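Here's the structure we're looking at; comments come further down.
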Amino acid sequence: MARVLLLKNPPMYGSDVKDLQRILNGLGYNAGEEDGYFGKSTEKAVKSFQSGYGLVVDGEVGTYTWSKLKDEVKTIQSQLNKVGFNCGTPDGYFGSGTKRAVRNFQTSKGLTSNGIVDYVTRIKLFESQPPSPSKNYYESRNEKAINTLYNSTIRSAARSVVAKALEQGIDILITCGFRSNEEQTRLYNQGRTTPGNIVTYAKAGESYHNYGLAIDFVPVDENGNTLWSPLSTFTTVGEIGERCGFEWGGRWKRKDRPHIEMTFGLSTDELQAGERP
Ligand SMILES: [Zn+2]
C-alpha cells in the first residue's frame, strides 16, 4: 500500500515524491525542483491540481488523487502516441520518454519546447489528428504509370484516386497501367505453361490494361513498403475509384481487388475490334 504523501516537518522524502513532482511539473502545476522532498511548492501544486479536478483540496496525495494524476498522464500519453509522438505504453508516469514526446510535439506546433503540458499544449494536442501522408511516396513512379493511360479523362481520374486516397490516409503505388499484349501473354502463361501462380484470366487483348484503360494499385506505408493487408484498405481505394468513374475488380466474382478500370462503355471485344473511347 502506497503511503499518503503530504507536507510534514521534516519533509517526506522518496522516489514516490519525485514521481509526483515529475507528474505535477509535466502537467503544468509548478511543483518546483524534482528533488524528492515534499515541500511547500509541492503541496501548493497538489492543491492546484486537486482544485482543477474538483477533488477535495487538502494537499494530500492519497489513493484517489494519485489515480487522478496517473489517469491524466495516461490520457496524454495515449494521445501523444495516437498523433505520432511515441512515448511507449501509457503508464501514468511522466518519465523522460513522455517528456521528450511532449517536447517534440510542441516543436512540431511551433510552441515553446519545455515538455510541460500546459493549457495551450493540451488544447493543441487534443485537437490534433493522426498524421496522414501529405505526399504520395511513389509520386514520380505513379506519374509514369498514369502517363501510359489512354486519354486525359482516365489520367486525371487516376490522379484523383491517388489524391483522394491520400486524404483518407492511404498512400498507394500504381503497379501497372498500360500493359502490352506481349506482357499480357507472358502473365497469362504464368501458372499455366510457365512456373508460378495464376495471376490473370485475361489473354492478350482481353484486359483493359492492354488499352491503357486500367490500373493496379497497392497501398504502401510511410517507407514505401507494400501493404497487401488489410483487405479493407483495398475496398476503401476501390470505392474511391468507383466515385472517380472506374469499375473496381473487388466487385467481380473472381475478385481482383488491386484493379480498377474505366471502360467508357466498351467491351474488350469491341476494343479488340478496334473501337476506342
Ligand atoms: Zn489489373
Footprinting exposure proxy for 276, 257, 159 (fewest neighbouring C-beta atoms within 10 Å first) | 276, 159, 257
The base-10 log of I(q)/I(0) that the Debye equation returns for the range 216-277 at q = 0.12, 0.21, 0.29 Å⁻¹, one scatterer per C-alpha, is -0.37, -0.84, -1.18
Please state the equivalent ellipsoid semi-axes for the range 140-277: what are the square roots of 5 times the Cα gyration tensor eigenvalues, largest first, in whole Å?
-> 23, 19, 14
Along the Cα-to-Cβ line of residue 114, 7 Å from the Cα, sits a label point; which residues in the range 15-53 have backbone N less than 16 Å from it?
-> 22-34, 45
Taking the dipole of the range 15-127 about the Cα centre (Lys, Arg +1; Asp, Glu -1; charges at Cβ), the one of 37, 50, 123 that reaches farthest to the positive side is 123
Run the quick spin-label model on residue 163 and residue 252: label points 7 Å from Cα toward the beta carbon, then report their separation in nm to one decimal.
-> 2.9 nm
Measure off 7 Å from each Cα along the Cα-to-Cβ vector at residue 33 and residue 123, then give the distance between these two points in nanometres to one decimal.
-> 3.4 nm
Relative to the longest principal axis of the chain, what angle (0 to 90°, nearest 10) does the C-alpha long axis of helix 40-52 take?
-> 50 degrees
Estimated dipole of the chain in Debye, rounded to 20 [Cβ of Lys and Arg +1, of Asp and Glu -1, Cα centre] | 340 debye
Spherically averaged projected area of the range 15-127 from its Cα convex hull (nm²) | 6.5 nm²
Cα-based equivalent ellipsoid, the range 54-100: semi-axes from gyration tensor eigenvalues, Å | 24, 10, 8
Expressed in nanometres to one decimal, the distance between label points 7 Å along Cα→Cβ at residue 107 and residue 86 is 1.6 nm
So which chymotrypsin sites (Phe, Trp or Tyr not before Pro) in the range 167-215 end up in coil per DSSP with only 16 or fewer other C-beta atoms within 10 Å?
-> 201
Given charges at Cβ of Lys, Arg, Asp, Glu: the chain dipole, positive-most of 201, 173, 89 | 89
Taking N as the number of residues in the chain, the ratio of its alpha carbon radius of gyration to 2.2 N^0.38 Å works out to 1.57
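Any read-out appearing in this document is the output of simple, stated calculations on the displayed coordinates, not a laboratory observation. All of these numbers come straight from a predicted model, not from anything done at the bench. Glycine also receives a Cβ, built like all others from the backbone with ideal geometry; neighbour counts cover every protein chain displayed.
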